[in-house]
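Colleague: Got a structure here, written out as structure tokens. Questions coming.
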Amino acid sequence: MNETRRAVLDALADGPVTGPALAEDHGISRTAVWKHVEALREAGFEVESASEGYTLAGVPEYGAEAVEFGLDAPFDVEYYDDLPSTNDRARELAIEGASDVVVLADQQTGGRGRRGREWSSPSGGVWMSLVLRPDVPPARAPLVTLAAAVAVTDAALEAGVDAAIKWPNDCIVPREDAERGGDKLAGVLTEMKGEASRVSWVVVGVGVNVNVDPEELGPDATSVRAEAGDVERRVFVQRVLERFHEVRDDPDAVLDAWRDRAATLGQRVRVETANGDVVGDAVDVTEHGALVVETADGRKVVHAGDCQHLRPADGG
Ligand code: BTN
């Protein structure tokens, strides 16, 4: 949404305000005011007009303008009813030079998860990818992913879900009896391009099972609907973006928040890595997002892999 339209929208929200007052306050013609109001109606905003002026009477349920309205973080939003994958569109934008843009889709037809897995993305979920250009060396890029996991978990907690983080960046609802520590609520898929010393761009793909039935998802998955009931997706996305923006430039805040919300720390874990399984007690996360595991052969630092929380009977 361009700046003037955003300002007109804010004025309508504080309304009633007359057309001539809008024109004067924003330095535009009355015809331009009318065009902005019509464009907002077209985007789904309910704008009532009466003798005392225009008033905003309703906000669209979802979409670019809906998310941008009232968003307290500097992101532009691009919305699609469906896309193969928001990460693919975000990569295109990143290559074109975009920054702080969010690609959002109601559903994805080719959603991608970590390690080449498919990611079910039916209508009703939150499927989005952030295009970022953090001024950090590549070794620091994993912090961006941890920040996204923190942001999603906090939005889920606010929605009433008993959410926690499973290393490296899954948001789960912990269950005592679950094979993998809990049911998956959300995941993060980060892709990046970097030079030796600097990151060029990062795409952070965030998938959250929001207003969807778990039967529509893969095994061991849950949703906000199943845990706490439906929420306004527009507001959920805003919370994720605002929280992400709050912590993204503060590595200590990211790591502290991640540790606070981690279900993995203190657990006995098995991490499947490219070099074999690492089994032991998860004791910490490093500033590079690696998991520190105390094993029978000493302390190991694991940078990538699939992590399982072991129940006592699983041994190891
Ligand atoms: C995981 O395997 O846990 C990561 C899942 C990431 C899914 C999101 S949904 C939005 C974005 N687009 C994709 O194709 N994948 C990510």
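Colleague: Quick check on my filter: what residues within the stretch 284-309 are over 26 Å from the mean Cα position of the chain (by Cα) and open to solvent by 10 Å² or more (accessible area, probe 1.4 Å)?
Modeller: Glu294, Thr295, Ala296, Asp297, Gly298, Arg299, Lys300, Val301
Colleague: Could you check the stretch 220-237 and list, in sequence order, the residues that are open to solvent by 10 Å² or more (accessible area, probe 1.4 Å) and either more than 16 Å from the ligand (Cβ to nearest atom) or polar (S, T, N, Q) (or both)?
Modeller: Of everything in the stretch 220-237, those that are open to solvent by 10 Å² or more (accessible area, probe 1.4 Å) and either more than 16 Å from the ligand (Cβ to nearest atom) or polar (S, T, N, Q) (or both) turn out to be Arg225, Ala226, Glu227, Ala228, Gly229, Asp230, Val231, Glu232, Arg234, Val235.
Colleague: All but one of (1) over 27 Å from His245 (Cβ atoms); (2) touching a Leu at 6+ places or on another chain (Cβ under 7 Å); (3) open to solvent by less than 40 Å² (accessible area, probe 1.4 Å) hold for Thr55, so report the exception by its number.
Modeller: In the conditions (1) over 27 Å from His245 (Cβ atoms); (2) touching a Leu at 6+ places or on another chain (Cβ under 7 Å); (3) open to solvent by less than 40 Å² (accessible area, probe 1.4 Å), Thr55 misses (3) alone.
Colleague: Quick one: Leu217 ticks every box in (1) within 20 Å of Ala156 (Cβ to Cβ); (2) more than 19 Å from the chain's Cα centre (by Cα); (3) crowded, with 21+ Cβ neighbours inside 10 Å bar one, so which box is it?
Modeller: Condition not satisfied by Leu217: (2).
Colleague: Looking at this structure, is Phe69 touching a residue at least 60 places away in the same chain (Cβ under 8 Å), assigned by TED's automatic domain parsing to the domain that holds Ala94, under 25 Å from Ser99 (Cβ atoms) and in contact with a strand residue (DSSP E or B) (Cβ under 7 Å, 6 or more places away or on another chain)?
Modeller: In short, no.
Colleague: So, in the stretch 95-138, exactly how many residues are touching a Gly at 6+ places or on another chain (Cβ under 8 Å), part of a loop (DSSP other than H, G, I, E, B) and within 19 Å of Tyr80 (Cα to Cα)?
Modeller: Counting residues in the stretch 95-138 that are touching a Gly at 6+ places or on another chain (Cβ under 8 Å), part of a loop (DSSP other than H, G, I, E, B) and within 19 Å of Tyr80 (Cα to Cα) gives 5.
The values are calculated or read from the model by the stated rules, or taken from the named source; none is laboratory data. Everything numeric here is computed off the predicted structure, so don't read it as measured data. Heads up, the Cβs are rebuilt from the backbone with ideal geometry, glycines too, and the neighbour counts pull from every protein chain shown. Only protein heavy atoms, including side chains, enter the accessible area calculation; ligands, DNA and RNA are left aside. Shrake-Rupley method; radii C 1.70, N 1.55, O 1.52, S 1.80 Å.
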